[in-house]
1. Within the stretch 331-340, does at least one residue satisfy the condition of being touching a His at 6+ places or on another chain (Cβ under 7 Å) and more than 16 Å from the ligand (Cβ to nearest atom)?
2. Could you count how many residues in the stretch 378-427 are hydrophobic (A, V, I, L, M, F, W, C) and without any contact (Cβ under 8 Å) to a residue 60 or more places away in the chain?
3. Restricting to helices (runs of 4 or more DSSP H) lying wholly in the stretch 228-308: which have 1 or more residues that are outside the structural domain of residue 94 (by TED's automatic domain parsing) and charged (D, E, K, R)?
4. Could you pull out the residue among 73, 67 that is of a type in the set (A, V, I, L, M) and farther than 18 Å from residue 182 by Cβ?
5. How about the stretch 60-74: which of its residues are polar (S, T, N, Q) and either touching a Leu at 6+ places or on another chain (Cβ under 6 Å) or free of Cβ contacts under 8 Å to residues at least 40 places away in the same chain (or both)?
6. When you scan the stretch 391-425, how many residues do you find that are within 16 Å of the ligand (Cβ to nearest atom) and closer than 23 Å to residue 262 by Cβ?
7. Report yes if some residue within the stretch 450-469 is without any contact (Cβ under 8 Å) to a residue 12 or more places away in the chain, of a type in the set (A, V, I, L, M, F, W, C) and more than 11 Å from the ligand (Cβ to nearest atom); otherwise report no.
Amino acid sequence: MSDKLNHNWINGQQFTTTNSLQVVNPANGETIGEVPKVDAEAVKQSINAAHQAFNTWSNYTAEYRGAVLEQWAHNLLAKQEELATIMSEEQGKPYAEAYGEIGVCAKFIKWYAEEGKRIYGEIIPPSSPQQHISVIKQPVGVCGLITPWNFPGAMIARKVAPALAAGCTVIVKPSSETPRIAIAIFDELLATDIDAGVANIITGSASLISDTLFDDARVRKISFTGSTAIGKSLMKKAADNITRISLELGGNAPTIVLPDADLDQAANAVVENKFENTGQMCNGINTVLVHKDITTAFTNKVIERVKKLKVGPATDKNAQVGPLINHGAIDKVSTLVADAQSNGATVATGGQKLALSDFGLFYEPTVVTNVTADMNIAQEEIFGPVAPIIEFESVEEAIKIANASPYGLAAYFFTNNINTVYKISEQLEFGMIGVNGTQLSVPQAPFGGIKESGMGREGGHHGLDGFLELKYISLSLHE
Ligand code: NAP
């Protein structure tokens, strides 16, 4: 790995610019490094490279492409500690979580290295004896992949691995908050036997890069993970060239705790999920809906656990909650908590900024009670270490509150009544449901949302579909 992460990769070459973006450590505000700020010409160069490399890469066997992906996963695991340090310094993620995320990257890459070998076609019974109908799957072509800062490694692996396994070539545009870990992960990909131009990474102005990608009809697909607002604007841009688009967008995950649930299991899972990545998780719990018979008992268990969470910078290896990503994020969290309080909610623990650094991005792990579903804190994606608790009287009421959200990424519920598990799961209008647990992102399962949380899936064999076109071949046989 190069010790300076100040380059992009275009056509197999390191690429630098005189214009640059500064990258800041959110724990203390110090500048960590600088990365290129590309112009439209450099974006074009990356498209040219990916377009040229497509013919060869798409014609390799799936086994060959899988072997390259295996090398990439191997390289990442060999540098897991170093990469975790880069990630946690740049994003503020506690070190243990960053270390785990590099492991998750390797798991996704290895899974797609294998799954690429199972891109099967179909033979369909014809209506006449002379016709032979087959369907084959082919890679869509050059793909632009735009990723967010909150899982700056996993989101890259979850897109690049299926794209390459399918035979596509890629241009990655990572978040400007976390470009260094993206570049470090790419350094490991470019250290494999991959051909020049198959995988490119460029950093800089998001709108300039995405406009240039959308304007070029050779870019056949854009896969975006980020906020719903930007996702909507990209969907409009995709119309011009009918560019294929997948959107993994924001969430507002409700968690319903039913009176027959195991309260300790539920409290452990809620706290683990809610405060992971300092609450900055798309499928992270946004609201906790608790049945009135157990509100006090359950809330006390949550508060007890939240009070024990250790807040600190990633350099503190015991820290479980880090800084928020930037000032906009902490202002949003503070405003939502203050708004809830002024509308009658109670801050049961936390509720203040922490003076751990002059830069001011640490916020106390917080539990807010007496929240109602109409408050902003329940309606908006909080994206911070705050758990609002809403009391409900019946399952029907809880499902109605959950489904009222325009988002539909993930929902969770806790119950010991196996008879209601499928009924409630089917009634919740979300792409993913966690029952008695909250772990959702695994390589073999389709991660993604409905409604304003996006379209398309990442993970599983479904994750390959977005990078493949169907081609129907009708062969008319001579008598
Ligand atoms: P964001 O502001 O939408 O940014 C995401 C990416 O889009 C970044 O690379 C950003 O680049 C780029 N971008 C910004 N403006 C753009 C534009 N006009 N055109 C094209 N690209 C543009 O989101 P974020 O704050 O990084 O990420 C948090 C959001 O992502 C949350 O809403 C979260 O729920 C969602 N998310 C969803 C999933 C999922 O699987 N559904 C997973 C993770 C996160 P710059 O950084 O250069 O501005």
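The values are calculated or read from the model by the stated rules, or taken from the named source; none is laboratory data. For clarity, every value in this text was computed on a predicted model and none was experimentally measured. Cβ placement follows ideal geometry from the backbone for every residue including glycine, while neighbour counts extend to all protein chains displayed.
1. no
2. The qualifying residues number 3.
3. Output list reads 263-275, 295-307.
4. 67
5. Across the stretch 60-74, the qualifying residue is only 61.
6. First, the residues of the stretch 391-425 that are within 16 Å of the ligand (Cβ to nearest atom): 405-412.
With the extra rule that they be closer than 23 Å to residue 262 by Cβ, the set shrinks to 410-412.
Residues in the stretch 391-425 being within 16 Å of the ligand (Cβ to nearest atom) and closer than 23 Å to residue 262 by Cβ: 3 in total.
7. no
Results for (1) surrounded by 16 or more Cβ atoms within 10 Å (Cβ to Cβ); (2) of a type in the set (Phe, Trp, Tyr); (3) not in a loop (DSSP other than H, G, I, E, B), shown as yes or no for each residue.
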{"site": "106", "(1), (2), (3)": "yes, no, yes"}
{"site": "117", "(1), (2), (3)": "no, no, yes"}
{"site": "129", "(1), (2), (3)": "no, no, no"}
{"site": "137", "(1), (2), (3)": "yes, no, yes"}
{"site": "148", "(1), (2), (3)": "yes, no, no"}
{"site": "151", "(1), (2), (3)": "yes, yes, no"}
{"site": "164", "(1), (2), (3)": "yes, no, yes"}
